[in-house]
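**Student:** There's a structure below that I have some questions on.
The values are calculated or read from the model by the stated rules, or taken from the named source; none is laboratory data. Keep in mind that what you see is a predicted model, and the values were worked out from it rather than measured. Backbone-built Cβ (ideal geometry, glycine too); neighbour counts: all protein chains shown. Calculation scope for accessible area: heavy atoms of the full protein, side chains included, ligands and nucleic acids excluded. Shrake-Rupley method; radii C 1.70, N 1.55, O 1.52, S 1.80 Å.
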Amino acid sequence: MSETKLVERQTNVRQRRKSSFARDLLKLLSGAMFAQLFSVLVAPILTRLYAPEAFGVLAVFLSIIAVPGEIACLGYDRAIMLPEKDEESANLLMISLGFVALVTGLSIVVIWLGTETITRLLRTPELAPYMWLVPPLILLTGVFTALSQWTARSKRFGQLSIARISNTTITTGMPLGAGLLG
């Protein structure tokens with residue numbers, strides 16, 4: 001192969017990589033922007049449907065889910081992107097999901113035995129009827145986190161963007177639907 005053709009080929013490869021990177025970045029940004037826009041558009045409706053105290057209770061409830069939901073994978077989700085071989089990454093994904101199951105199981109025991117204590121300590125007795133939702137939401141958060149890392153590793157950024165939009169739509173749409181239904 002001549003030197004000119006080799007240089008031309010390398011230039012084409014670099015241009016395709018730049019184009020691919022820009023396309024992937026656009027997919028991620030558009031998904032994040034749509035999710036944020038949806039939240040901003042729905043916020044005025046939610047403030048009409050719910051009293052300010054309800055937002056405080058929701059914030060406490062979300063914080064109960066956020067901490068165990070974030071640590072459910074025990075950090076193994078962050079390692080999914082690192083290995084060169086997909087097989088090693090798949091093993092890390094399975095380990096992450098196993099720890100998510102373990103943390104969810106522990107949360108079931110804690111909620112079952114300690115709902116009254118937790119709501120008393122947090123001074124939110126109105127949360128007691130909803131505490132049963134904590135374990136499934138921890139499970140969903142952990143699984144979403146691990147699978148997001150796997151999807152990013154697989155360079156399926158369009159699917160990742162759709163998943164984030166779906167997550168925001170569901171998270172924002174549930175209180176909206178509940179509020180509209182009374």
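**Student:** Mind checking which residues of region 18-36 are open to solvent by 60 Å² or more (accessible area, probe 1.4 Å) and closer than 17 Å to P175 by Cα?
**Tutor:** If the condition is that a residue be open to solvent by 60 Å² or more (accessible area, probe 1.4 Å) and closer than 17 Å to P175 by Cα, then Q36 is the only one that fits.
**Student:** Let me ask something else. So which of E53, E116, E87, E70 ends up being over 29 Å from Y130 (Cβ atoms), open to solvent by 80 Å² or more (accessible area, probe 1.4 Å), assigned to a helix (DSSP H, G or I) and modelled with pLDDT of 85 or more?
**Tutor:** Result of the check over E53, E116, E87, E70: E87.
**Student:** Being in a helix (DSSP H, G or I), free of Cβ contacts under 8 Å to residues at least 60 places away in the same chain and surrounded by 18 or more Cβ atoms within 10 Å (Cβ to Cβ) narrows it down to one residue among V100, V109; which is it?
**Tutor:** V100
**Student:** With the structure loaded, tell me whether L180 is hydrophobic (A, V, I, L, M, F, W, C) and open to solvent by 90 Å² or more (accessible area, probe 1.4 Å) or whether it fails that test.
**Tutor:** yes
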